[in-house]
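S.K.: Could you have a look at this structure, given as structure tokens, before my questions?
The values are calculated or read from the model by the stated rules, or taken from the named source; none is laboratory data. What you see is a predicted model; the values in this text were computed from it and never measured. Cβ: placed from backbone, ideal geometry, glycine included. Neighbour counts: every protein chain shown. The accessibility values were calculated without ligands, DNA or RNA, using every heavy atom of the protein model including side chains. Shrake-Rupley method; radii C 1.70, N 1.55, O 1.52, S 1.80 Å.
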Amino acid sequence: MPTMDGKFSLRGRCLVCLLACCLFAPILWPRPAAGLERVVAVSDSWMPYTGEPNSNREGYAVEVLRSVLEERGFNVEYRELPWKRAMHEVLSGRADILVCATRDNLPELVFPGTPLGRADLCFFTLDRDWRFAGPDSLAEVVTGFVQGYDYPQWFEDDLGRHPGRFHALHGGDAFARMLAMLAEGRVQTIPGCSAVVDYYARLAGLEGKVYMAGCSRDGCHELYFGLSPANRPRSVLLAGILDEGMHIMRTTGQLDHLLLKYGLKDRVEVR
């Protein structure tokens, strides 16, 4: 602070220097401890959330994961796998993070407190006159679905009672192939998140030809990074880092740039 003769005291100069360092020095996140540097994340192709590894459009969720962890010194290795295999890899500890997991489907995973977003469950068709008004609506149609995805209990029950009305798909690109089956008339309806169906419909040149016939009231789920229970202390540490990083991205507006890139809206409340 200034002295009586207008000059700064030594203590005042030190305070100014300290404030300058705090304001202009880059934030240095602690480096991960030995053995934590490599993080393996897995999912199937479910754009705009998860896409092709090492491409310029890996998907919104993968880019969030990279942004948070790589800024803190981790090396993220993202692999595209069939969904059922991806789940097994994380449960067994051969992979660290299942991208776009849901708590209901895999409660044994370790979850951050902050979700990535929310996904609805609607039914889509090429027949503009067909409507989904509840489980009974599927009685007269063949429905495609992806093995291992989180569907409502009534859907699983109906599948168990009437397997002939359903067509299962699996593999890393199962959702895109399911949409292709709808376009070919091999199934009459498919369940899916509206943002995902819209993305693949545009990609396949089906925009304006695939209609939303209605949504399941109990099919909306929050999406998370699900971490392996095989090494719980490590997963709890990573979950805390992801929580903090996603909160910073959301409150500083960094997340908005990724949402805009992939045509999404943030449906998570800032806490």
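S.K.: So, of the residues in the range 192-216 that are farther than 16 Å from PRO48 by Cα and touching a Leu at 6+ places or on another chain (Cβ under 9 Å), which turns out to be most open to solvent (accessible area, probe 1.4 Å)?
M.R.: LYS209
S.K.: Of all residues in the range 170-196, which are farther than 14 Å from GLY219 by Cβ, part of a loop (DSSP other than H, G, I, E, B) and under 20 Å from the mean Cα position of the chain (by Cα)?
M.R.: Within the range 170-196, HIS170, GLY171, GLY172, ASP173 qualify.
S.K.: Something else now. Do you know which residues across the range 121-148 are open to solvent by 10 Å² or more (accessible area, probe 1.4 Å), aromatic (Phe, Trp, Tyr) and within 13 Å of GLY219 (Cβ to Cβ)?
M.R.: PHE132, PHE145, listed by residue number.
S.K.: Do any helices (runs of 4 or more DSSP H) lying entirely in the range 1-99 carry at least 1 residues that are at pLDDT 95 or above, under 17 Å from LEU109 (Cβ atoms) and not β-branched (Val, Ile, Thr), and which ones are they?
M.R.: 60-71, 83-92
S.K.: So which residues in the range 239-263 are of a type in the set (Asp, Glu) and within 18 Å of PHE111 (Cβ to Cβ)?
M.R.: Matches in the range 239-263: ASP243, GLU244.
S.K.: Can you pull out every residue in the range 202-233 that is small (Gly, Ala, Ser), under 21 Å from GLY263 (Cα atoms) and in contact (Cβ under 8 Å) with a residue 24 or more places away in the chain? Before you say what the answer is, go through the steps one by one.
M.R.: Just the residues of the range 202-233 that are small (Gly, Ala, Ser), to begin with: 204-205, 208, 213-214, 216, 219, 226, 228, 230.
Now drop any that are not under 21 Å from GLY263 (Cα atoms), which leaves 204-205, 208.
Passing the criteria: only ALA204.
S.K.: Can you pull out every residue in the range 100-118 that is part of a loop (DSSP other than H, G, I, E, B), open to solvent by 40 Å² or more (accessible area, probe 1.4 Å) and either in contact (Cβ under 8 Å) with a residue 12 or more places away in the chain or among the charged types (D, E, K, R) (or both)? Write out each step before concluding.
M.R.: As a first pass, look at the range 100-118 and keep what is part of a loop (DSSP other than H, G, I, E, B): 102-109, 111-116.
Applying the additional criterion that residues be open to solvent by 40 Å² or more (accessible area, probe 1.4 Å) yields 103-105, 107-108.
Hits for the range 100-118 are ARG103, ASP104, ASN105, GLU108.
S.K.: If you don't mind, there's one more thing I want to ask. For the range 159-169, state whether one or more residues are out of contact with any Phe, Trp or Tyr (no Cβ under 8 Å at 6 or more places or on another chain), surrounded by 14 or more Cβ atoms within 10 Å (Cβ to Cβ) and closer than 24 Å to VAL42 by Cβ.
M.R.: Taking the range 159-169 first, the residues out of contact with any Phe, Trp or Tyr (no Cβ under 8 Å at 6 or more places or on another chain) are 160-165.
From what's left, surrounded by 14 or more Cβ atoms within 10 Å (Cβ to Cβ): 165.
Next, from what is left, pick out any that are closer than 24 Å to VAL42 by Cβ: none.
Scanning the range 159-169, I find no residue that is out of contact with any Phe, Trp or Tyr (no Cβ under 8 Å at 6 or more places or on another chain), surrounded by 14 or more Cβ atoms within 10 Å (Cβ to Cβ) and closer than 24 Å to VAL42 by Cβ, so the answer is no.
S.K.: Something else about it: Among the residues of the range 200-227, what is the count of those that are on the phi < 0 side of the Ramachandran plot and in contact with a strand residue (DSSP E or B) (Cβ under 7 Å, 6 or more places away or on another chain)?
M.R.: Residues meeting the conditions: 13.
Quick grid of which residues meet (1) among the basic types (Lys, Arg); (2) farther than 27 Å from VAL99 by Cβ; (3) part of a helix (DSSP H, G or I):
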{"residue": "ARG131", "(1), (2), (3)": "yes, yes, no"}
{"residue": "SER137", "(1), (2), (3)": "no, yes, yes"}
{"residue": "GLY144", "(1), (2), (3)": "no, no, no"}
{"residue": "GLY148", "(1), (2), (3)": "no, no, no"}
{"residue": "GLU156", "(1), (2), (3)": "no, no, yes"}
{"residue": "GLY164", "(1), (2), (3)": "no, yes, yes"}
{"residue": "ALA168", "(1), (2), (3)": "no, no, no"}
